[in-house]
Amino acid sequence: MTPSVPEIIRGCTIALATPAPPESAGDFAAGRVGLVSMLLGLSAQEANRCVAATIAENADIRALFAACGDAAVAEAAREIDTDLTIAGLDAANAALRRQLIALHERVEAAGNHDLDRQITALYVRMARGRRLELGRG
Amino acid sequence: MSASLAERLAAYLSRVWAEPVSVEQLARIPGGASRETYRFVAVTPAGPRSLILRRDPPGSLIETDRGIEYAAIASFHGRGVAAPAPVILEEAGAELERPFFIMSRIEGGHASSPFQPDPYGAHAAAMGEDFFGTLGRIAAADPADLPIGQAAETPALDQCWRRELEYWAGVIDTDEQHPQPIVRAAIRRLRANPPPPAQKISVVHGDYRSGNFLHDDTGKMLAVLDWEMAHLGDPLEDLGWAMDPLWRHFEVERVAGMVGKAEAIGIWERASGLKVDPAAFAWWELFASVKGQAIWISSAKEYKDGGYADPILGFSGWYTARRQDEIIAEQLERLVAA
């Protein structure tokens, strides 16, 4: 997913290390530091669970592929995650999401309401699985 | 050593106003993510003037037309909507190198963060009356009588939805970095189930929401801010955006953290003289979430392209994008089950 935790942390470092012009001192600078603080708090959450969350999302998509009976996603349904770095899992997730978009388009075109509901329920799980909570470091 | 921003601003104002002007207390203020926003005092022979400078940044959340923003402010200042007075529009940038405009500063009051729980406290109902009533008055205005009516394109009644949807779908096509199945499903649903034609063409603020106005902590709006996405279109567009769950301060029952949905619609209908068709409004509610996600996707791209330097772009492209995804997924689940 973008931005990733490494990108966010890099961004926070850059934001703190970049000197601000005189007119950006005061409220603006305080607001910026507050935002960096919030981003670092969210990064702590994300660092702790992003690998597990992406593995779970990938498995959930593959399970739907395996059960849906669509030949175009049968091969993806059998894959497993082997690169467990954040970047590697994100790349696998991107490939799965592209196939999920195409599958959903076919399902809608065919008027398959049952599978439409299953895919929409999957979307809810995907979104909730990536939820970030403000104020929780 | 190059001149400071204050010195360049003073040089510009002295030239344009043909009198000596000095600039004091120049300070950038948070918010207004699409333009750099500064407060300052212009000291002229006639006395000090408290002003706001809105300057195009090198990169921003969204590409917007400052001329239309300026025309929108000019359209509502002194017309029953709390809008500042327009002062100068400088499209060429001149001494400030990037285009900008200047408007009057409205003193007092503050904007509440959209992510602050219960920001209006005991005055939430009064705030809702003013907030949705003001939006109704904006919707009621005839653009033909206003400066923005000359500056912005007027869509056909039956094309408002298509123009907005295709614009924001195009932003997603251009800026998406990681595949986004949830918002793409919402876009397909909106295309397949268009709303009825708009009941009139109105001025659409484009970002009318909790957090985008100054209030006095007693339920009174002092200024509607950030007109940068103003355009002409279906008046239900702003109402859908104002009620998006993203701007509800984590509440379920009260929209914008102020009043219940039915009450908000009633206030808006009384102020605008218009009606909210439930089917049409359902379309604009889902559209609001799609538009939001397009902005957050664009933020994530801008964050990366800008070398991760601006934390507001990182926050919008990450935390806000994920909340918006959850909101859209839940909307889709309800619609598919219906």
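The values are calculated or read from the model by the stated rules, or taken from the named source; none is laboratory data. All values derive from a computational prediction rather than experimental measurement. Positions of Cβ are generated from backbone atoms using ideal geometry, with glycine treated the same way; all protein chains shown enter the neighbour counts. In case anyone asks, the SASA skips ligands and DNA or RNA and just uses the protein heavy atoms, side chains included. Shrake-Rupley method; radii C 1.70, N 1.55, O 1.52, S 1.80 Å.
Could you run the numbers on buried accessible area between B and A, total for both chains, 1.4 angstrom probe, in Å² to the nearest 100?
Numbers: alone 14540 and 8600 Å², together 19180 Å².
Using a 1.4 Å probe on protein heavy atoms, the buried area is about 4000 Å².
Zone of residue A:121 (label point 7 Å along Cα→Cβ, backbone N under 19 Å): which residues in segment A:75-105?
Of the residues in segment A:75-105, A:100-101, A:103-105 have backbone N under 19 Å from the label point off residue A:121.
At most 15 other Cβ atoms within 10 Å and a DSSP loop assignment: could you name the GluC sites (Glu not before Pro) in segment B:206-255 that fit? Please list the in-between numbers first.
On the way: sites: B:228, B:237, B:251, B:253; in loops: B:228, B:251, B:253.
Passing both the DSSP loop test and the Cβ count: B:251, B:253.
Provide the per-residue ³J(HN,Hα) series for segment B:252-261, in order, calculated from phi with Karplus coefficients 6.51, -1.76, 1.60 and θ = phi - 60°, each as a whole number of Hz, with x at glycine and proline positions.
Going residue by residue, I get 9, 7, 8, 7, 6, x, 10, 9, x, 4 Hz, with x marking Gly and Pro.
Given a 10 angstrom Cα cut-off, can you work out which residue in A:52, A:109, A:15 is the most mobile in a GNM of chain A?
A:109
Trypsin sites (Lys or Arg not before Pro) within segment A:67-109: which are DSSP loop residues with at most 14 other Cβ atoms inside 10 Å?
Hits after loop and neighbour filter: nothing returned.
Report the calculated FRET efficiency for residue B:17 and residue B:92 (r = Cβ-Cβ distance, R0 = 22 Å), to the nearest 0.05.
Computed FRET efficiency for residue B:17 and residue B:92: 0.85.
Tell me, what % of the accessible area of the protein assembly as shown is carbon and sulfur with a 1.4 angstrom probe?
Carbon-and-sulfur percentage of accessible area, whole number: 55.
With the other protein chains left in place, how much accessible area per residue, in square angstrom, belongs to segment B:251-293 at a 1.4 angstrom probe?
Counting only protein heavy atoms, the per-residue value for segment B:251-293 is 37 Å².
To the nearest 20 debye, what is the magnitude of the charge dipole of the protein assembly as shown about its Cα centre, counting +1 on the Cβ of each Lys and Arg and -1 on the Cβ of each Asp and Glu? Mind dumping the intermediate values first?
Working: 47 positive and 64 negative charges, 91 e Å.
Value, rounded to 20: 440 debye.
Mind jotting down the distance between the C-alpha centroids of segment B:155-205 and segment A:27-63, whole Å?
So the separation of the two Cα centres works out to 29 Å.
Compare the Cα positions of B:20, B:179, B:52 along the charge dipole of chain B (+1 at Cβ of Lys, Arg; -1 at Cβ of Asp, Glu; about the Cα centre) and return the one farthest towards the positive end.
Of the options given, the answer is B:179.
Run the helix sum for the protein assembly as shown: -39,500 (n - 2.57) per DSSP H stretch of 4+ residues, divided by residue count, reported at 222 nm to the nearest 500 deg cm²/dmol.
After summing the helix terms and dividing by the residues of the protein assembly as shown, the value is -17000 deg cm²/dmol.
Given R₀ = 45 Å, FRET efficiency for residue B:193-residue A:37 by Cβ-Cβ distance, to 0.05?
Working: r = 43 Å, r/R0 = 0.94.
In this case the efficiency is close to 0.60.
So which GluC sites (Glu not before Pro) in segment A:64-137 are both in a DSSP loop and have at most 12 other Cβ atoms within 10 Å of their Cβ?
In loop regions of segment A:64-137 (DSSP not H, G, I, E or B), the sparsely surrounded GluC sites (Glu not before Pro) are A:133.
Where in segment B:269-297 is the amide nitrogen less than 12 Å from a point lying 7 Å along the Cα-to-Cβ axis of residue B:261?
Counting backbone N atoms under 12 Å from the label point, the list is B:278-279, B:281-286.
In sequence order, what are the phi-derived ³J(HN,Hα) couplings for segment B:97-104 according to the Karplus relation 6.51 cos²θ - 1.76 cosθ + 1.60 with θ = phi - 60°, rounded to whole Hz, with x for glycine and proline?
With coefficients 6.51, -1.76 and 1.60, one gets 6, 10, x, 7, 9, 10, 9, 5 Hz.
Find me the longest stretch of chain B that has none of the exposed trypsin sites (Lys or Arg not before Pro), where exposed means in a DSSP loop (not H, G, I, E or B) with at most 13 other Cβ atoms within 10 Å.
Segment B:80-274 is the longest.
Separation between the residue B:305 and residue B:49 pseudo-spin-labels, each 7 Å from Cα along Cα→Cβ, expressed in nm?
Reported label-point gap for residue B:305 and residue B:49 is 3.5 nm.
Name the residues whose placed amide hydrogens come within less than 5 Å of the amide hydrogen of residue B:204, ignoring near sequence neighbours (fewer than 5 apart) on the same chain.
So residue B:204 has HN proximity to B:231, B:232, B:233.
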